[in-house]
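J.: One structure coming up, written as structure tokens, with questions to follow.
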Amino acid sequence: MQSMTEELKKQLDAVIREIATENEYKLPETFIVKLERPRQAGHGDWATNIAMQLAKPFGLNPRELAEKIIEKMPTGKVVEKIEVAGPGFMNFTLVSDWIAETIKMVTEKNENYGRVNQGEGRKIQVEFVSANPTGPLHMGHGRGAAVGDITASILDYAGWNVEREFYINDAGLQMELLGKSAQSRYFEAIGKTEEAPFPEDGYHGEYLIEIAGKFVEKYGTSLADKPLEDTLSIFSKETATIVLEMIKKDLSDFGVNFDVWFSEKSLYDNNCVEPAMTALKERDYAYEQDGALWFKSTLFGDDKDRVLIRQNGVPTYFTSDVAYLKNKYDRKFEKLIYVWGADHHGYVPRIKSVNKAFGYKDDALDVLLIQMVNLLRDGKPVQMSKRAGTIIMLREIVDEVGVDATRFFFVMRRCDSTLDFDLELAKKATSENPVFYVQYAHARICSIYRELEKNGIGIPDVTELDVASISEASEIALIKAISKFPEEIAKAAEEYAPHRIAYYATELAEAFHAFYNSQRILGTEENVMKSRILLMQAAKITLKNVLTVLGVSAPEKM
RNA sequence: GUGCCUGUAGCUCAGCUGGAUAGAGUAUUGCCCUCCGAAGGCAAAGGUCUGGGGUUCGAAUCCCCACAGGCACGCCA
């Protein structure tokens, strides 16, 4: 369909320019032909409102202009029929060749169907999750992980050279606190609880009790012989390493694999911080006052300037982020996506300011803010409290409802609206549950293949397709849904909107189920059957690819 | 107090870079398997797009003002 669509755009563009020149109408500089998918089935394959937009500059009424355009449009090769509708829409029906063309293309491209070249191989980084290595991932991280991972997949499909990166927040006070918590658990494990009291804001999770056990295994009681201060760094370092491994496991079990694990601490170890500060000073965006180093964020509309290096010489978290941002650009990324929890939204202007201060392009950096998740069970909220230690872990959800449902549910909604995640719904194997609905469509096709095989019928070659036998409304609707996939990828990539793909998956499955229920494959005339098998194969390929983008499995049987 | 997000069918949400009769799922009601997976399909019904102004040929969509809910406003990370 794409080639015909492009041709149609060219024809329209040429005709409109011709009309403008002939009549000395002034074409707006921003003029570009845009086609859209009409909502209504009766409104053809493509529609445009261009006549309405040009009516004013041309001094005509929209319908009149539309008629003028139609008069000059060549028909037969690409367009079968053009109609003027409503206030001045033009609805185009393509010649039916596009159906065969699409089925052929989908079949040939197979697992590459849906890929577009919007990114042109440019480097883009998606940084997400980026939790402190102080404990296993909880549910909130899960949404960020799913959104980040799937956004990255979409960008990959859209032709970008994508890197997934996890920023390990391993510099700063919380590492010490983690060490102290582990240390205390260690003393507890060897029966000397009083010698190392649990820190006030320590990490209460049970995983630290387990980790303490590992310290006992490795060191026996030897760590208790030295003063607490002397062993603290051992506890901090080794605990962080173990916890990071837990996080990595949580993520890989969730189908999320990072290309780069970037340590905040490494920014300091590799001397990335000072050059970044110097760069800011040189550009006159940083200054010293009261013994501290400040960033002039007020120049960018902030209420007050922000501290980079404290009076005591210790850099703030913000400093790391400044150095990190520069480091990202030094690695030649053309675009940077940050996926953050919405509770960090206040921080967005600040990082954008730094971006400007360094002189980078404003639109090279985008922050995706992920709103909160409300966990429900049978419609009722699941009580959670950080203090009481009843935080729900990502692993618990995955164990209960599975990776597929968890991933799908997490990207089902727009990022900027809060998400209700109902555990019971996610487990249901009915149409109430969109994951199953989509997977079922795929499994159903596989089942039909098995049935065909039993009857000694294989999958025909694409050349055996008989377009004339594809004419039922449900067939046309299905092939249309299939043909939309590349556009959906392009749109989702442009808007960083993974939920679009989840919606599209449902739409595609719906078109298939409707087709399946109204048309038979087995027992029809040979050319009809062959054509339907080929149509179904295109549907199967597309379903599989959509699910792959979402990181959800496409089962052959359920 | 300031800033950000949200407000669309009973419920959960798409649609938001302006376009045709505002769409899904679910719940409700009725139909469809001697037939490839009924884990499905078809149909009915369901709306003051929170409210009020404005912009224009046209507004759920853009602007302003209210109202309601959520989240942030550290030399914490």
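Only the coordinates and a few stated rules stand behind these numbers; no lab work does. From a predicted model like this one, the values you see are computed outputs, not experimental measurements. Heads up, the Cβs are rebuilt from the backbone with ideal geometry, glycines too, and the neighbour counts pull from every protein chain shown.
J.: Over the Cα atoms of region A:229-297, how large are the radius of gyration and the largest Cα-Cα distance (Dmax), in Å?
T.: When restricted to the Cα atoms of region A:229-297, Rg and Dmax are 18.1, 49 Å.
J.: Which FRET efficiency, nearest 0.05, do residue A:214 and residue A:311 yield, Cβ-Cβ r, R0 60 Å?
T.: Details: r = 39 Å, r/R0 = 0.64.
According to the calculation, E is roughly 0.95.
J.: Give me the orientation-averaged projected area of the Cα convex hull of region A:308-383, in nm², one decimal. Each step should come with its number before you reach the end.
T.: Details: hull surface 31.1 nm².
Its Cα hull, projected and averaged over all orientations, spans 7.8 nm².
J.: Kindly state, to the nearest 0.05, the FRET efficiency for residue A:72 paired with residue A:495, given R0 = 41 Å and r defined as their beta-carbon distance. If you can, show how the numbers build up before the last one.
T.: Details: r = 35 Å, r/R0 = 0.85.
E between residue A:72 and residue A:495, to the nearest 0.05, is 0.70.
J.: Related question: Tilt of helix A:97-109 relative to the longest C-alpha principal axis of chain A, in degrees (0 to 90, nearest 10)?
T.: So the helix axis and the longest Cα principal axis differ by about 30 degrees.
J.: Between region A:416-452 and region A:96-165, what is the C-alpha centre distance in whole Å?
T.: Rounded to whole Å, the Cα centres lie 21 Å apart.
J.: What share of the DSSP beta bridges in chain A is antiparallel, in percent to the nearest 5? Walk me through the numbers before you get to the answer.
T.: Details: 21 of 44 bridges.
Percentage antiparallel, nearest 5: 50.
J.: Moving on to the next point. Which number do you get for Rg(Cα) / (2.2 N^0.38 Å) in chain A? If you can, show how the numbers build up before the last one.
T.: Values: Rg = 29.2 Å, N = 558, 2.2 N^0.38 = 24.3 Å.
Scaled against compact globular proteins, the figure is 1.20.
J.: Taking only Cα atoms, what is the 0 to 90° angle, nearest 10, from helix A:473-483's long axis to the longest principal axis of chain A?
T.: Between the helix axis and the principal axis of chain A, the angle is about 50 degrees.
J.: Write out the trypsin sites (Lys or Arg not before Pro) in region A:47-88 meeting two conditions: DSSP loop, and at most 13 other Cβ atoms within 10 Å of their Cβ. Kindly include the intermediate steps, with their values, before the conclusion.
T.: Values: sites: A:63, A:68, A:72, A:77, A:81; in loops: A:77.
Sparse-neighbourhood loop trypsin sites (Lys or Arg not before Pro): A:77.
J.: What whole-number distance in Å separates the alpha-carbon centres of region A:257-272 and region A:528-550?
T.: 43 Å
J.: Arrange A:506, A:418 by Cβ neighbour counts within 10 Å, fewest through most, would you?
T.: Details: A:506 19, A:418 12.
Neighbour counts put them in this order, fewest first: A:418, A:506.
J.: Percentage of Cα-Cα pair distances in region A:88-163 greater than 19 Å, rounded to whole percent? Walk me through the intermediate numbers first.
T.: Details: 1712 of 2850 pairs.
That fraction is 60 percent.
J.: Any idea what the relative contact order of region A:345-500 is, in percent, if you count C-alpha pairs under 8 Å spaced at least 6 apart?
T.: Relative contact order of region A:345-500: 21 percent.
J.: Tabulate in residue order the Karplus-calculated ³J(HN,Hα) for region A:532-537, using 6.51 cos²θ - 1.76 cosθ + 1.60 with θ = phi - 60°, rounded to whole Hz; enter x for Gly and Pro.
T.: 5, 4, 5, 4, 5, 5
J.: I'd like the distance between the alpha-carbon centres of region A:469-519 and region A:4-42, rounded to an integer number of Å.
T.: Each part's Cα centre sits 26 Å from the other's.
J.: Rounded to the nearest 0.05, what FRET efficiency do residue A:288 and residue A:382 have when you use their Cβ-Cβ distance and R0 = 56 Å? Mind dumping the intermediate values first?
T.: Working: r = 49 Å, r/R0 = 0.88.
Given R0 = 56 Å and the Cβ-Cβ separation, E is 0.70.
J.: Could I ask something else about it? Which entries of A:218/A:248; A:109/A:557; A:480/A:540; A:427/A:480 have Cα-Cα distances beyond 20 Å here?
T.: On the way: A:218/A:248 22 Å; A:109/A:557 24 Å; A:480/A:540 14 Å; A:427/A:480 31 Å.
Too far apart for the 20 Å limit: A:218/A:248; A:109/A:557; A:427/A:480.
J.: OK, next. Would you pull out the residues with amide H under 5 Å of residue A:382's amide H, same chain only if 5 or more places away, H placed 1.01 Å from N?
T.: Long-range HN contacts for residue A:382: A:375, A:376, A:377.
J.: What is the fewest-to-most order of A:10, A:356 by other Cβ atoms lying within 10 Å of their Cβ?
T.: Values: A:10 12, A:356 15.
Ascending number of Cβ neighbours within 10 Å: A:10, A:356.
J.: Rg and Dmax of region A:385-459, using alpha carbons, in Å: what are they?
T.: Final numbers for Rg and Dmax: 17.8, 64 Å.
J.: Using +1 on the beta carbon of Lys and Arg, -1 on that of Asp and Glu, and nothing else charged, what's the dipole of region A:210-283 about the Cα centre, debye to 20? Let's see the in-between values first.
T.: Numbers: 9 positive and 14 negative charges, 24 e Å.
So the magnitude is around 120 debye.
J.: Within a 10 angstrom radius of the beta carbon, how do A:415, A:272 rank from fewest other beta carbons to most? Kindly include the intermediate steps, with their values, before the conclusion.
T.: Details: A:415 20, A:272 17.
In increasing order of surrounding Cβ atoms, one gets A:272, A:415.
J.: Based solely on its DSSP helices, what 222 nm [θ] is calculated for chain A when runs of n ≥ 4 H residues each add -39,500 (n - 2.57) and the sum is averaged over all residues, nearest 500 deg cm²/dmol?
T.: Values: 20 runs with 280 residues, N = 558.
Dividing the helical sum by the residues of chain A leaves -16000 deg cm²/dmol.
J.: Follow-up. Roughly how tilted is helix A:207-219, in degrees to the nearest 10 and between 0 and 90, from the longest Cα axis of chain A?
T.: The answer is roughly 50 degrees.
J.: Here's another thing I want to ask about it. Just to confirm a number: summing +1 for Lys and Arg and -1 for Asp and Glu over residues other than residue A:13 whose beta-carbon lies under 13 angstrom from that of residue A:13, what do you get?
T.: Values: positive: A:9, A:10, A:17, A:34, A:72; negative: A:6, A:7, A:18.
In short, +2.
J.: Let's see if you can work this out: charge +1 on each Lys and Arg Cβ, -1 on each Asp and Glu Cβ, no other charges. What is the dipole magnitude of chain A about its Cα centre, in debye to the nearest 20?
T.: Numbers: 68 positive and 85 negative charges, 102 e Å.
I would put it at about 500 debye.
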